[in-house]
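*Asks:* Provided herewith is a single structure, encoded as structure tokens, for subsequent inquiry.
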Amino acid sequence: MTSRTTPLTGEGKKQRQVNKQYNKTDKPENTEVTCQPANFKNMITYSAEGVKMPKIRKRDTSRWIKAVAATYGRTIGEIGYMFVDDEKILEVNNEYLGHDYYTDIITFDYDEGDVLNGDLVISLDTVRTNAELFHKPYEEELNRVIIHGILHLCGINDKGPGEREIMEANENKALALLRAMK
């Protein structure tokens with residue numbers, strides 16, 4: 001798990017574990033199972049809790065995320081984005097990471113080899129604050145944070161000496177790709 005400066009309830013991971021454990025013919029009592037084809041992959045979901053869903057073009061954003069992952073030799077498995085407010089991200093940051101501060105993103109990494117799987121929790125309040133602080137358009141800062149979590153899943157860190165600069169360079173490269181794809 002990484003945080004950029006909180007997680008989901010864990011239901012996504014629990015559901016993936018249930019999906020792997022059972023198939024539709026041996027469903028246990030009182031267990032909700034989502035059956036998916038064996039070749040199920042490349043799923044990126046977007047949801048919001050306590051905030052209005054940001055105006056992102058989900059298909060275009062998903063296509064961009066997949067293209068960025070491919071530049072690192074990775075493919076997309078199951079990625080879940082949850083957009084929340086500052087209070088929720090503070091709660092998640094405290095509960096799962098033991099940190100008592102706000103952040104813009106927390107990434108929960110469930111990667112399997114070269115397949116990216118994870119839950120990414122993004123505070124839209126902090127994204128807006130950072131956009132104002134850095135004099136960037138809100139949409140650009142949101143895209144930067146969206147791809148920041150994917151870059152973490154690709155193995156890029158930002159906590160050690162010199163790593164922040166490497167992360168920023170990779171974010172900028174990904175944002176340039178997004179502009180080229182429009």
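*Asks:* So, in the range 119-146, how many residues would count as being under 15 Å from residue 83 (Cβ atoms) and open to solvent by less than 60 Å² (accessible area, probe 1.4 Å)? Full working, then the answer.
*Replies:* Step one: list which residues in the range 119-146 are under 15 Å from residue 83 (Cβ atoms), which gives 119-131, 138-139, 141-146.
Adding the requirement that they be open to solvent by less than 60 Å² (accessible area, probe 1.4 Å) leaves 119-124, 126-127, 130-131, 141-146.
Qualifying residue count, the range 119-146: 16.
*Asks:* Would you be able to say whether some residue in the range 102-118 is surrounded by 13 or more Cβ atoms within 10 Å (Cβ to Cβ), farther than 22 Å from residue 43 by Cβ and touching an Asp or Glu at 6+ places or on another chain (Cβ under 7 Å)? Full working, then the answer.
*Replies:* Residues of the range 102-118 that are surrounded by 13 or more Cβ atoms within 10 Å (Cβ to Cβ), as a first pass: 102-111, 115-118.
Now narrow it down to the ones that are farther than 22 Å from residue 43 by Cβ: 102-104.
Restricting the remaining residues to those that are touching an Asp or Glu at 6+ places or on another chain (Cβ under 7 Å) gives 102.
There is at least one residue in the range 102-118 that is surrounded by 13 or more Cβ atoms within 10 Å (Cβ to Cβ), farther than 22 Å from residue 43 by Cβ and touching an Asp or Glu at 6+ places or on another chain (Cβ under 7 Å).
*Asks:* For the range 167-181, state whether one or more residues are open to solvent by 60 Å² or more (accessible area, probe 1.4 Å) and touching a helix residue (DSSP H, G or I) at 6+ places or on another chain (Cβ under 7 Å).
*Replies:* no
*Asks:* Go through the residues of the range 88-99 one by one and say whether even a single one is modelled with pLDDT of 95 or more and β-branched (Val, Ile, Thr).
*Replies:* Scanning the range 88-99, I find at least one residue that is modelled with pLDDT of 95 or more and β-branched (Val, Ile, Thr), so the answer is yes.
*Asks:* Please go through the range 77-115 and pick out each residue that is in contact with a Lys or Arg (Cβ under 6 Å, 6 or more places away or on another chain) and closer than 13 Å to residue 147 by Cα.
*Replies:* Matches in the range 77-115: 104, 105.
*Asks:* Of everything in the range 60-103, what is assigned to a strand (DSSP E or B) and not polar (S, T, N, Q)? Give them in sequence order.
*Replies:* Narrowing the range 60-103 to residues assigned to a strand (DSSP E or B): 75-84.
Matches in the range 60-103: 76, 77, 78, 79, 80, 81, 82, 83, 84.
*Asks:* Residues 151, 97: which one is of a type outside the set (Lys, Arg) and either more than 11 Å from the chain's Cα centre (by Cα) or surrounded by fewer than 12 Cβ atoms within 10 Å (Cβ to Cβ) (or both)?
*Replies:* Working: 151 fails: either more than 11 Å from the chain's Cα centre (by Cα) or surrounded by fewer than 12 Cβ atoms within 10 Å (Cβ to Cβ) (or both).
Result: 97 is the single residue among 151, 97 that is of a type outside the set (Lys, Arg) and either more than 11 Å from the chain's Cα centre (by Cα) or surrounded by fewer than 12 Cβ atoms within 10 Å (Cβ to Cβ) (or both).
The values are calculated or read from the model by the stated rules, or taken from the named source; none is laboratory data. Remember, it's a predicted structure, so these values are computed and weren't measured experimentally. Note: ideal-geometry Cβ built from the backbone for every residue, glycine included; neighbour counts use all protein chains shown. Accessible surface areas use protein heavy atoms only, side chains included; no ligands, DNA or RNA. Shrake-Rupley method; radii C 1.70, N 1.55, O 1.52, S 1.80 Å.
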